[in-house]
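See below for the structure under consideration.
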Amino acid sequence: MMNLLKIRLISGMVGYALVAGAIVAAVLNHLQHMISWSSFFAIILFFLFVEVVNIQLVSAGSQKKDKKKLINIYMLTKVIKVVLSLFFVLFYVILNKGSDLKTFIIVFVVFYILFLLAELFAFSRIEKHIKANENNE
């Protein structure tokens, strides 16, 4: 049952990334503050990768009966996301040396917040699934 939920969450995250990416691209195009397409897609792919890994880790951790372990795994995913985000932005800054840096960081923060909302939804679905399984036992 958890595998089906995991597949649905990952599929939903991919769909969310496509919709959020299209909306952000339309807003940037309207404001005429577009960053390079490669940078734009790199941001989307980065967050999509991080969120899929987070879903994998939390859903695997939810199989265990220990609630403290699940909380620790959730906190670990938060730390991993922050550290990887810092490295990603640092890598971009080193490679591009200031070209469209301000717009890149704004877009990055917008996607960080958008994917944080998606992550909250995904983790709440996992938590509901865990509670439903506990009630069935």
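The values are calculated or read from the model by the stated rules, or taken from the named source; none is laboratory data. All values reported here derive from a predicted model rather than from experimental measurement. Cβ atoms come from the backbone with ideal geometry, glycine included; neighbour counts cover every protein chain shown. Just the protein is used for accessible areas: all its heavy atoms, side chains included, with ligands, DNA and RNA removed. Shrake-Rupley method; radii C 1.70, N 1.55, O 1.52, S 1.80 Å.
Let me check I have the definition right: for the chain, take the eigenvalues of the Cα gyration tensor, multiply each by 5, take square roots. What are those semi-axes in whole Å, largest first?
For the chain, the ellipsoid semi-axes come out as 33, 16, 10 Å.
For segment 1-73, what % of the accessible area comes from carbon and sulfur atoms, probe 1.4 Å?
70 percent
Please compute the per residue accessible area over the chain with all protein chains in place, 1.4 Å probe, rounded to a whole number of Å².
With all protein chains present, the chain gives 62 Å² per residue.
Output the peptides 50-57, 21-28 sorted from most to least packed, where packing is the average of other Cβ atoms within 10 Å over each peptide's residues.
Taking the mean over residues of other Cβ atoms within 10 Å, the ranking is 50-57, 21-28.
Got a number for the accessible area of Ile7? Probe 1.4 Å, square angstrom, nearest 10.
About 100 Å², ignoring ligands and nucleic acids.
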